[in-house]
Amino acid sequence: MRTPIDYLFETNVLDERMRRSISRYYKSRGEKALEIVFQDRVKRYRDFFVVVGDSGEYVVEGDYCSCEDFLRRGSNCAHILAVLIARAIGRYELIDLWYYEDLKDERIRPI
């Protein structure tokens with residue numbers, strides 16, 4: 001079965017109808033993912049995506065996220081959904097570093 005995000009990757013347009021569809025399909029995780037994207041909290045490093053969450057930064061690589069929700073449930077969390085949405089519409093901060101390089105830089109502190 002195709003999901004709203006599957007359609008989003010085809011159209012690359014996140015209009016109000018698509019937002020409602022994502023919210024209905026994914027419930028609160030979809031709403032939170034949309035909030036994350038529109039607050040510009042998705043970062044793309046050379047090695048993977050990082051999402052600035054409520055209590056830290058979470059590494060997202062493919063169908064994996066380092067957050068507690070994903071580790072506990074083992075399925076899509078809001079951070080994974082946010083990365084999918086951000087990729088589909090091209091709305092993420094591009095950081096031309098490996099994530100560990102960013103962490104080692106004394107001038108840049110993780111949130």
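Is it true that some residue in the stretch 47-58 is within 18 Å of TYR99 (Cβ to Cβ), among the charged types (D, E, K, R) and surrounded by fewer than 20 Cβ atoms within 10 Å (Cβ to Cβ)?
yes
Applying the selection to the stretch 32-90, what residues are within 18 Å of PHE9 (Cα to Cα) and either at pLDDT below 95 or of a type in the set (D, E, K, R) (or both)?
ARG44, GLU61, GLY62, ASP63, ASN76, ARG87, listed by residue number.
Filter the stretch 1-40 down to residues that are within 14 Å of the chain's Cα centre (by Cα), touching a residue at least 60 places away in the same chain (Cβ under 8 Å) and surrounded by fewer than 13 Cβ atoms within 10 Å (Cβ to Cβ), then give me how many there are.
0
Within the stretch 61-82, is even one residue surrounded by fewer than 19 Cβ atoms within 10 Å (Cβ to Cβ), of a type in the set (A, V, I, L, M, F, W, C), touching a residue at least 12 places away in the same chain (Cβ under 8 Å) and on the phi < 0 side of the Ramachandran plot?
Just the residues of the stretch 61-82 that are surrounded by fewer than 19 Cβ atoms within 10 Å (Cβ to Cβ), to begin with: 61-64, 66, 68-69, 71-75.
In the following step, the residues that additionally are of a type in the set (A, V, I, L, M, F, W, C) were identified as 71.
Of the ones still in play, those that are also touching a residue at least 12 places away in the same chain (Cβ under 8 Å) are none.
Scanning the stretch 61-82, I find no residue that is surrounded by fewer than 19 Cβ atoms within 10 Å (Cβ to Cβ), of a type in the set (A, V, I, L, M, F, W, C), touching a residue at least 12 places away in the same chain (Cβ under 8 Å) and on the phi < 0 side of the Ramachandran plot, so the answer is no.
The values are calculated or read from the model by the stated rules, or taken from the named source; none is laboratory data. Small disclaimer: the values here were computed from a predicted structure and weren't measured. Ideal geometry is used to build each Cβ from the backbone, glycine not excepted, and the neighbour counts take in all protein chains shown.
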